[in-house]
1. Rounded to the nearest whole Å², what accessible area per residue is found for the chain with the 1.4 Å probe?
2. Which lysines, on any chain, are close to Lys97 with Cα under 24 Å apart, when same-chain ones fewer than 8 places away are left out?
3. Looking at the chain, identify the longest residue range that excludes and avoids all trypsin sites (Lys or Arg not before Pro) in DSSP loops having at most 14 other Cβ atoms within 10 Å.
4. If you work out percent of Cα pairs over 24 Å apart from the coordinates, which of [x] 23; [y] 31; [z] 27 do you get?
5. Probe radius 1.4 Å, ligands and nucleic acids ignored: give me the carbon and sulfur share of the accessible area of segment 32-76 as a rounded percent.
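The values are calculated or read from the model by the stated rules, or taken from the named source; none is laboratory data. Since we're looking at a predicted model, the values are computed, not measured. Quick reminder, even Gly has a Cβ in these numbers, built from the backbone with ideal geometry, and neighbours come from all protein chains shown. To get the accessible areas, we keep the full protein, side chains included, count just its heavy atoms, and leave off ligands, DNA and RNA. Shrake-Rupley method; radii C 1.70, N 1.55, O 1.52, S 1.80 Å.
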Amino acid sequence: MFEQAMELFQKGLQFRLAQGWTSETVTAWWTVAHTQRMLELFEESLTTLEEVVRRWRELGQKTDGYVWEEQAECLLSLGKTEQAQIHFRSAWELLSKDDWLVANEPIRIQRLHSQAG
């Protein structure tokens, strides 16, 4: 199922890339990275996320909590606990301020906080 999703997300990414680097294009890259993580392609996901961070900076925007969370999950899966903890902390600091996420996904927020140390 994730393989099919990856194929669709990559097509969406190609569509976005044809339009240039916009916030929507960067979000499409994040979607590919998320799917890579779901497929347990942790190193590939981290590489894609590095590109996401770089492109956000080029657009003059900061990395959001969802990118930090994805990086943290990949690092944790690779056994890089200390690095993961730093990213979990950054994710928690940002996502704990999202009222919708706090109201609708309290277990997720709690997990980010506990993994942050």
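1. 61
2. Straight-distance partners of Lys97: Lys62.
3. Result, exposed sites excluded: 1-61.
4. [z]
5. After summing per-atom areas, the C and S share lands at 48 percent.
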